[in-house]
């Protein structure tokens with residue numbers, strides 16, 4: 001016969017327990033009044049509503065509030081919000097009414113809980129990914145929202161026995177996928193462990209039942225041994241006059257299952273199924289030294305396993321977890337894990353971030369939590385197109401082991417295992433990460449792909465000219481670094497597309513065409529590309545340039561010189577007319593007369609061997625012995641034109657000679673007399689410097705062709721004292 005449950009009494013007892021929990025944590029009269037008021041509103045909103053178990057619905061918000069108060073340790077406002085978390089969804093109360101009754105902070109939390117309450121409706125991976133993103137958004141707005149939601153999910157997991165199997169499987173899968181990683185990262189290890197065990201209970205019920213029974217049997221067999229070992233520890237600590245308490249901790253069933261799978265061992269071969277936890281009553285100023293003292297006392301009697309030492313006292317985890325874990329050989333050859341921590345550390349380990357911040361409802365914060373929330377916000381704001389990849393990366397960071405490294409100034413940074421120096425740079429500041437050129441680790445240069453090891457001292461070398469590269473994505477593991485690099489590359493691609501589109505528009509305009517759908521399609525066909533974005537990006541990044549465009553124009557117009565004729569306004573020249581066009585230059589095998597400029601770097605004159613070079617502003621004519629000739633013809637051969645002087649009567653060209661030698665009286669007179677009288681050449685400028693019997697000089701003249709200039713140089717060298725004469729570009733004549 002089924003017992004009759006007094007539900008009114010059950011509800012009263014839960015509420016009294018909640019009030020006692022608030023009072024035990026220092027709640028005053030105002031806090032108690034707030035809780036009573038919230039309870040009254042919630043009771044009214046859920047009046048006459050039953051859960052599937054038959055209990056009044058108010059038991060659910062009461063249990064959630066108890067988890068928030070006792071197991072997470074949040075303050076009165078959060079407890080009130082937990083009581084009210086289903087009110088807006090299940091009744092006629094509005095956010096505005098709650099804000100009027102309880103203030104904007106509580107109303108905001110209830111609204112946040114309402115927003116994420118209804119999103120867990122499907123089993124598909126894509127929906128779960130979106131759920132995860134929305135949960136992260138709620139964290140970045142107010143951490144209390146997700147903490148209350150985690151309490152809500154925990155109570156739902158504890159009360160799923162009456163649900164259909166398909167709903168149990170859905171909720172359990174979501175819990176393992178989403179909530180367990182968050183609980184781990186926020187330091188709520190006992191909640192994370194319960195999430196995992198209950199998740200296993202409903203996703204693999206047979207395995208869960210088998211392991212639970214084995215653990216119970218093993219605990220009964222080992223209880224006497226563990227009690228005897230604990231008494232040995234107690235005797236050691238009491239002899240030293242230490243104040244302490246000892247707890248036993250059982251490893252979670254899910255964790256045992258994971259270790260069995262990962263290490264390929266049987267249940268009996270999992271040796272850390274239990275742990276002894278020593279909690280010291282120690283002042284914060286002495287707690288570290290006291291813990292190491294206890295470590296010395298215990299390891300002085302029981303042999304430790306150095307490979308199993310975990311020192312999270314000297315270097316706490318990123319979520320604030322502090323504890324010293326040692327594994328020692330107990331009596332009869334059994335390994336036993338011993339966890340050492342202070343009361344303050346134990347509360348932090350039990351309550352995670354909430355214990356450090358405690359959300360005293362005055363917006364006082366915890367630096368570690370603030371930094372983590374900022375990381376979440378950065379990751380969400382820079383989320384790429386692939387939500388699945390975003391969540392996978394974020395979950396990887398939530399669960400990954402950590403390494404600790406230091407800046408040259410001694411600041412310690414916590415990073416996930418396998419993080420590289422680029423991740424380290426982004427952890428310091430985004431601007432440093434974006435301009436990382438290299439790194440020195442422990443004084444030695446390392447590649448950017450170097451993985452940080454705990455204890456490394458890292459000096460980041462940066463340069464304003466450095467930009468993120470595509471291969472960086474293969475080296476970084478932190479969501480922040482990946483998001484920033486991807487965002488930069490996306491922006492870069494867009495910029496390159498814009499530049500490429502503008503460049504093609506200009507090139508087509510000069511070719512007497514325009515960028516439209518027709519010409520774009522022709523270029524896509526010519527270059528064998530898939531879409532216009534790819535075309536524009538290649539031109540904008542410099543992968544394609546004028547030479548590739550010219551090839552396209554040649555294909556379309558029937559040859560390069562036809563393209564040049566269109567661009568540079570040619571004139572048809574009969575062969576008989578070339579004799580009177582000595583001041584002109586003709587280009588190509590067809591001797592086309594095109595607009596051009598004489599290059600100022602080598603100043604070609606009639607008779608010099610020359611070539612044409614096409615740049616964005618027109619055609620420049622260079623001497624073949626110009627100092628830029630090798631560079632231009634070697635690197636940009638497609639821009640080089642055949643060129644030659646038209647024969648016939650000549651005109652005057654400006655040219656400059658440089659000469660040097662031993663100074664002597666009347667030298668200037670000899671030079672000027674030779675040039676003006678003997679050779680009948682006009683002097684434009686003359687300059688001579690002498691120093692300690694040695695002179696150098698330059699003379700600018702007008703000549704009709706190269707032959708006249710060569711003759712002038714030869715005559716100058718015949719003057720006594722002049723031993724060297726050269727053209728302006730250092731070519732000896």
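The values are calculated or read from the model by the stated rules, or taken from the named source; none is laboratory data. On a predicted model such as this, the values are computed, not experimentally measured, just so you know. Counting neighbours? That spans all protein chains shown, and the Cβs are built from the backbone with ideal geometry, glycine included.
Overview of results
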| read-out | value |
| --- | --- |
| Scan of the range 161-192 for residues that are buried (at least 19 other Cβ atoms within 10 Å of the Cβ), outside any helix (DSSP H, G or I) and more than 26 Å from the chain's Cα centre (by Cα), ordered by number | 188 |
| Conditions (1) surrounded by 14 or more Cβ atoms within 10 Å (Cβ to Cβ); (2) under 30 Å from residue 346 (Cβ atoms); (3) at pLDDT below 85: number failed by residue 81 | (3) |
| The range 282-303, residues that are in a loop (DSSP other than H, G, I, E, B) and within 16 Å of residue 313 (Cβ to Cβ) | 282, 283, 284, 285, 286 |
| Matching residues in the range 242-268 - criterion: being within 19 Å of residue 220 (Cα to Cα), loosely packed, with under 15 Cβ neighbours inside 10 Å and out of contact with any strand residue (DSSP E or B) (no Cβ under 9 Å at 6 or more places or on another chain) | 266, 268 |
| Failed item in (1) under 19 Å from residue 150 (Cα atoms); (2) surrounded by fewer than 21 Cβ atoms within 10 Å (Cβ to Cβ); (3) modelled with pLDDT under 90, with residue 59 passing the rest | (3) |
| Residue count, the range 511-532 (criterion: exposed (fewer than 14 other Cβ atoms within 10 Å of the Cβ) and either outside any helix (DSSP H, G or I) or in contact (Cβ under 8 Å) with a residue 40 or more places away in the chain (or both)) | 6 |
| Qualifying residue in the range 45-56 (condition: crowded, with 22+ Cβ neighbours inside 10 Å, closer than 23 Å to residue 99 by Cα and in contact with a helix residue (DSSP H, G or I) (Cβ under 6 Å, 6 or more places away or on another chain)) | no |
| Subset of the range 438-472 [closer than 19 Å to residue 487 by Cα and either in contact (Cβ under 8 Å) with a residue 24 or more places away in the chain or in a loop (DSSP other than H, G, I, E, B) (or both)] | 464, 465, 466, 467, 468, 469, 472 |
| Failed item, numbered, when residue 482 is tested on (1) under 30 Å from residue 408 (Cα atoms); (2) free of Cβ contacts under 8 Å to residues at least 60 places away in the same chain; (3) outside any strand (DSSP E or B) | (2) |
| Selection status of residue 290, within 25 Å of residue 189 (Cα to Cα), loosely packed, with under 13 Cβ neighbours inside 10 Å and in contact with a strand residue (DSSP E or B) (Cβ under 8 Å, 6 or more places away or on another chain) | no |
| In the range 193-204, the residues that are more than 21 Å from residue 165 (Cβ to Cβ) and buried (at least 24 other Cβ atoms within 10 Å of the Cβ) | none |
| Flag for residue 620 being part of a loop (DSSP other than H, G, I, E, B) and either at pLDDT 65 or above or farther than 30 Å from residue 513 by Cβ (or both) | no |
